[in-house]
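Notes follow the structure.
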Ligand code: MN
Ligand code: MN
């Protein structure tokens with residue numbers, strides 16, 4: 001583990017922590033715009049912008065036991081397999097120690113080892129992915145472990161207790177596969193038309209399970225709110241849609257990741273939003289335990 005910069009208020013030691021943040025600076029398969037390997041530190045830096053007090057939950061983050069273990073040991077030229085292995089080891093350890101892992105990606109391919117490790121511990125695991133893209137390809141540019149394939153691997157290799165929210169981009173084959181395999185997804189248009197409360201009630205009946213893994217591919221959000229992305233896609237969710245989902249799902253979530261921010265493509269607002277989401281996730285999850 002390296003890295004000197006830590007997430008704001010993550011000043012607990014590891015053994016006392018309920019939440020363990022780690023960075024996974026890897027963007028080796030990113031296809032359109034690379035840069036998400038710089039996101040963990042960009043998110044950490046901007047996390048100091050906010051007050052420690054969270055009025056939504058009447059909780060001060062400075063009293064919540066949060067630890068930032070730095071970045072997993074991934075080098076710039078590591079293969080995707082090496083990166084996935086490093087992440088899986090880290091998440092397995094954190095879960096074995098009965099803590100909630102929070103990954104600062106990095107690209108979306110890194111979610112697969114998190115979900116795999118989570119399923120090892122929680123057999124009833126459900127997975128919620130927020131994403132503009134289906135990520136249902138079996139292979140992309142010759143790479144099976146591409147960011148564009150992550151949901152396919154989750155469903156086929158880990159669990160079919162899966163839903164995605166915010167979808168508005170895929171190949172014809174991905175749309176056909178989603179239909180033929182009866183994959184549950186809520187397009188961003190549906191979220192806008194029917195509202196978050198409706199989506200949540202559908203989601204809760206579909207994923208009637210105690211343990212969720214929540215993965216936030218930041219491109220689920222409209223590029224107007226989150227422009228610094230690997231693969232931006234217009235007509236997305238708003239920041240408030242995602243905030244509501246995080247508030248509602250955090251209490252059941254045994255792990256969380258935030259991936260695909262490529263911080264050099266804006267003046268800091270996407271990393272800022274990401275840091276805020278992490279703080280809201282922690283506040284909501286902690287409040288539900290008190
Ligand atoms: Mn994705
Ligand atoms: Mn995406």
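Here, each number is a calculation from the coordinates, and none is a lab measurement. Every value quoted in this text rests on a predicted model; they were computed, and no experiment measured them. Neighbour counts are summed over all protein chains in view; Cβ atoms, including those assigned to glycine, are modelled from backbone coordinates with ideal geometry.
Structure summary
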| quantity | calculated |
| --- | --- |
| Hull volume in cubic angstrom per residue (convex hull over the Cα atoms of the range 73-141) | 117 |
| Cα convex hull of the range 235-290 - mean projected area over all directions, nm² | 4.2 |
| The range 10-52: C-alpha gyration tensor shape, a/c 1.5 cut-off, then a/b vs b/c | oblate |
| Shape call, the range 162-290: gyration tensor on alpha carbons, a/c limit 1.5 | oblate |
| Spatial separation of Cα centroids for the range 158-182 and the range 1-54, in angstrom | 29 |
| Computed [θ] at 222 nm, deg cm²/dmol, the chain (DSSP H ≥ 4; -39,500 (n - 2.57); rounded to nearest 500) | -10500 deg cm²/dmol |
| Highest to lowest packing among 165-177, 46-58, scored as the average C-beta count within 10 Å | 165-177, 46-58 |
| Ratio Rg/Rh [Cα only; Rh per Kirkwood] for the range 98-186 | 0.95 |
| 37 °C / 0.692 mPa s Stokes-Einstein diffusion coefficient of the range 134-217, Kirkwood radius on C-alpha pairs, µm²/s | 241 |
| Candidates 190, 218, 103, ranked by Gaussian network fluctuation over the chain, Cα under 10 Å, top entry | 190 |
| The range 14-287: relative contact order as a whole-number percent, Cα under 8 Å and 6+ apart | 24 |
| Percent of Cα pairs exceeding the 23 Å cut-off, where the set is the range 1-143 | 39 |
| The range 62-211 - convex hull of alpha carbons, volume per residue in Å³ | 141 |
| The chain - share of DSSP beta bridges that are antiparallel (%, nearest 5) | 15 |
| The chain: mean projected area of Cα convex hull, nm² | 13.4 |
| Among 183, 21, 254, residue whose mean-square fluctuation peaks in a GNM of the chain (springs only between Cα atoms under 10 Å) | 183 |
